[in-house]
């Protein structure tokens, strides 16, 4: 473990903790929103952060509303639920060292016996569909544990996601882990998909043996349902595209683009 990588404000001593990871940028806002909500629900305390200099170059700093937004990687813990939560921007350099450091901390301070990453997965589904959760597992024991709650396994194609790298490292170091992926309608992937966020928070609550109060999420979902109902009423062409998705049909790239633009406009008008 590289101590120079971390800055501790306290050093909790946990045993057989559950370790949950959320990345700042994700389809439907699933990853960061889920971890943020769980930190709030368990009254989590920040106890450590990763020094950014080695992993985030200066050009990784963004400016929003004339305020510099620096990358942040922070750990939280809850003794009451025996849980460690990590929320971070994705490292731009030295990714292997960064991910190994996460596992170091999970095993050394959290005494973790299970690690979960949660992510959104842009899919060709309508917003009216239930949000399936699919998983990638470190081994058969974790797969068996999650089988009652996860729809299916997943085979990743294309450039590996950072959660996939982390899963591989965790497996090589003997830490049982799973990467959970919640389906997000492609036209909500750049926005917060509250249906998918609720599915993720609910599943992690089951794994922790906790029942979360999701009333605020239900209200947000009702608001977006109302927005979509009005959009479909006002624009028969958009309604037809969504109906095609509901029938299991694929949309052309042009139809996909038009649907994304219509939803973006409706969400911006709603505020």
**Message:** Being in a helix (DSSP H, G or I), under 21 Å from residue 131 (Cα atoms), touching a helix residue (DSSP H, G or I) at 6+ places or on another chain (Cβ under 9 Å) and at pLDDT 95 or above is the requirement here; does residue 260 meet it?
**Reply:** yes
**Message:** Yes or no: segment 171-193 includes at least one residue that is closer than 30 Å to residue 19 by Cα, assigned to a helix (DSSP H, G or I), in the same structural domain as residue 43 (by TED's automatic domain parsing) and modelled with pLDDT of 95 or more.
**Reply:** yes
**Request:** Looking at (1) in contact with a strand residue (DSSP E or B) (Cβ under 6 Å, 6 or more places away or on another chain); (2) surrounded by 18 or more Cβ atoms within 10 Å (Cβ to Cβ), find the lone condition where residue 143 falls short.
**Result:** (2)
**Asked** Can you find even one residue in segment 53-72 that is modelled with pLDDT of 95 or more and part of a strand (DSSP E or B)?
**Response** no
**Message:** residue 226 - would you say it is surrounded by fewer than 16 Cβ atoms within 10 Å (Cβ to Cβ) and either touching a helix residue (DSSP H, G or I) at 6+ places or on another chain (Cβ under 7 Å) or not assigned by TED's automatic domain parsing to the domain that holds residue 115 (or both)?
**Reply:** yes
**Item:** Criterion: at negative phi, surrounded by fewer than 17 Cβ atoms within 10 Å (Cβ to Cβ) and not assigned by TED's automatic domain parsing to the domain that holds residue 194 - qualifying residue of 250, 231, 259
**Value:** 250
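The values are calculated or read from the model by the stated rules, or taken from the named source; none is laboratory data. Fair warning: this is a prediction, and the values are worked out from it, not measured in the lab. So basically every Cβ, Gly included, is an ideal-geometry build from the backbone, and we count neighbours across all protein chains shown.
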